[in-house]
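A short write-up of the structure that comes next.
Readers should treat all values here as calculations from the given coordinates under stated rules, not as data from a laboratory. Worth saying up front: this structure is predicted, and the values here are computed from it rather than measured. Cβ placement follows ideal geometry from the backbone for every residue including glycine, while neighbour counts extend to all protein chains displayed.
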Amino acid sequence: MSDIIPVFLGADLNCYNFARAFHEAYGVESYAYGRYPMAPTKYSKIIHFTTVPDMDNEDTMLRILHEFAAQHKGKRLYLFGCTDDYAAMIIRRKAELTEYIAPGPAADLYGSIQKKAEFYEVCEKFGIPYPDSKILTAPVDAAELTEDKLGFAYPIIVKPSSSVDYWKHPFDTMKKVYTAATPAEAAEIVKTIYASGYPDRMVLQKMVPGGDDHMRVLTAFSDENGKVRAMCLGHTMVEEHTPHGLGNHAAIVSEDTTSLPLVENIRKMLEACRYTGFSNFDIKYSGTPGDYRVFEINLRQGRSNYYVTATGMNIARLVVEKWNDGGTDCVLNKNEVFWHHVPAQVAFTYTEDKDLVARAKALKAQGKEACSLLYKPDLLWNPVRYACVLEQLRRQFKKFKTYYPVHK
C-alpha cells in the first residue's frame with residue numbers, strides 16, 4: 001500500500017502518534033506542515049516536516065496543500081489537523097480539498113458542537129451528563145457570580161467555550177483552564193479573557209471532585225456514512241500541569257470500553273448528528289458510582305491517540321480500511337495497555353490512585369506498554385533524534401516537580 005501518503009497540519013505529539021501509526025501499519029512516511037517545528041517530531045525519519053510561518057492562514061493552507069497534491073498525483077492522500085485550529089481550517093475548507101481524504105465532520109456540524117456551550121445543548125438531547133454550568137456572553141460584576149446566583153459552590157472552573165478563538169488572543173497569564181476560589185476571582189478571570197479580544201461565550205462550571213485519575217478519555221471513529229465503527233476508552237493516570245499543557249494526558253491505562261455507562265449515549269449522539277471522522281471526549285468520574293460527566297468533544301483525534309493504537313486498534317488502519325468500506329460493525333476495545341509519553345517512573349510517582357499504578361506496573365511487566373516517543377525504527381541509526389527524545393523525557397521530571405500540585 002505504498003500509494004498512501006498521510007499529510008498532517010501540526011508538529012506536536014498528536015502528529016507524531018498518528019504518523020507512527022501509519023508507519024507501523026503500512027511502512028509509509030508522513031508529511032507535515034506547521035508554523036514552527038516542535039520537539040515531538042524533530043529529527044524524525046518517519047515525518048518530513050516543513051515550516052510555513054503563516055500556515056494558520058487559510059489561503060496559505062490551500063496553496064500548500066494544492067501544490068503538494070499536484071506533486072503526488074495518483075497517490076491516496078489523507079489529511080488531518082493536529083490542533084483545534086488546524087482541524088477547524090480543514091473542516092471549513094474541505095470542499096476545496098477534493099484531492100484529499102479528510103475524515104472530519106461537516107462544516108455546519110462543526111459550528112454546532114465544537115464550542116462547549118453549544119455542545120452541552122446537544123448533550124441534553126441525548127441524556128449525556130455534563131457539569132452544572134453557567135454561560136456568560138460578557139464580563140459581569142462579582143455580585144452576579146455568587147454561589148446563589150450560580151447554583152453551585154466555589155471553587156469553580158472557568159474556561160472559554162471556544163478554544164479555537166481563545167488561543168488566537170494571547171495574554172501573559174493565559175491558561176488552558178482556570179480555577180476561581182471566589183466570585184471576585186471568577187469575575188477578574190472573565191474580564192481579563194474578554195479584554196484580550198476573545199469574542200465568544202465563557203463557561204463557569206461546578207468543579208467535579210477528584211484528581212487526574214478520575215479522568216477518562218473516549219476516542220471514537222465514524223465512517224463517511226456517519227456510522228461509529230470503533231470506540232476506545234482510556235483511564236487517565238496523570239495529566240500535564242504546565243500552564244499551556246494543563247489537562248493534556250501524560251499517561252493512560254486503556255480499559256474495557258463497555259464499562260463506561262455513557263458509551264451508548266455518545267454513540268447514538270454521534271450517529272444522530274451524522275458525525276464523520278475521529279472524535280475525542282474528555283470525561284470525569286465524580287466518585288459517585290455511575291456518575292460520569294462529559295467536559296467537551298474534540299473534533300479530531302486526541303493528542304494522546306497512541307493509547308488507542310497501542311491496544312491493537314491502529315488508528316491509521318481505521319481510516320484506511322473502514323472509512324468507506326460500507327460496513328456497519330462497531331468495535332469496542334477491551335484490551336488493557338499502559339501508554340505514556342512521560343517516563344514510566346514519572347507516571348508511577350505522580351498518579352495518586354495507587355491501585356491504578358499497580359495495574360500499570362503489572363501491564364508493563366507483561367510487555368503491555370507503549371511510550372509514544374520510544375519508536376525503535378525512528379531511533380535506530382538516528383543519534384540526533386535519539387538524543388532529542390531522551391532530553392524530552394528527562395525534562396518531564398523537572399516539569400512535574402515544578403508544576404504538579406502538592407496536596408496537603
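Some notes on this structure:
- Counting only alpha carbon atoms, the long axis of helix 84-93 and the longest principal axis of the chain meet at about 60°.
- Helix 58-71 axis, angle to the chain major axis (alpha carbon atoms, nearest 10°): 20
- For His214, His235, His66, order by how many other beta-carbon atoms lie within 10 Å, fewest first: His66, His214, His235
- Total charge dipole magnitude, the range 1-160, about the Cα centre, Cβ charges on Lys, Arg, Asp, Glu only, Debye to nearest 20: 620
- When the helices of the chain are scored as -39500 (n - 2.57) per DSSP H run of n ≥ 4 and the total is divided over every residue, the value at 222 nm lands at -10000 deg cm²/dmol.
- The angle separating the long axis of helix 116-125 from the principal Cα axis of greatest extent in the chain is about 90 degrees.
- Listed values (i) -0.65, -1.00; (ii) -0.44, -0.99; (iii) -0.32, -1.00, entry calculated as log10 I(q)/I(0) by the Debye sum over Cα atoms at q = 0.07, 0.12 Å⁻¹: (iii)
- Gaussian network model of the chain, Cα within-10 Å springs - most flexible of Ser259, Ser44, Ser372: Ser259
- Top of Val140, Val190, Val389 by mean-square fluctuation, Gaussian network on the chain, Cα under 10 Å: Val140
- Of the trypsin sites (Lys or Arg not before Pro) in the range 1-97, the ones in a loop by DSSP (not H, G, I, E or B) with at most 10 other beta carbons within 10 Å are Lys73.
- Cα centroid of the range 332-408 to Cα centroid of the range 152-205, whole Å: 31
- Across the range 212-372, the mean sequence separation of Cα contacts (distance under 8 Å, 6 or more residues apart), normalised by length, yields a relative contact order of 29 percent.
- The antiparallel fraction among DSSP beta bridges confined to the chain stands at about 65%.
- Placing a label point 7 Å from the Cα of Glu58 along the Cα-to-Cβ line, the residues of the range 86-115 whose backbone N sits under 15 Å from it are 86-98, 106-112.
- Springs join every pair of Cα atoms under 10 Å in this Gaussian network model of the chain, and among Lys191, Lys115, Lys176 the largest mean-square fluctuation is at Lys191.
- Only one residue of Pro155, Tyr198, Ala143 has its Cα farthest out toward the positive end of the dipole of the range 132-206, where Lys and Arg carry +1 and Asp and Glu -1 on Cβ, and that residue is Tyr198.
- Residues with amide H under 5 Å from that of Arg229, placed H, sequence gap 5 or more: Phe221, Ser222, Asp223
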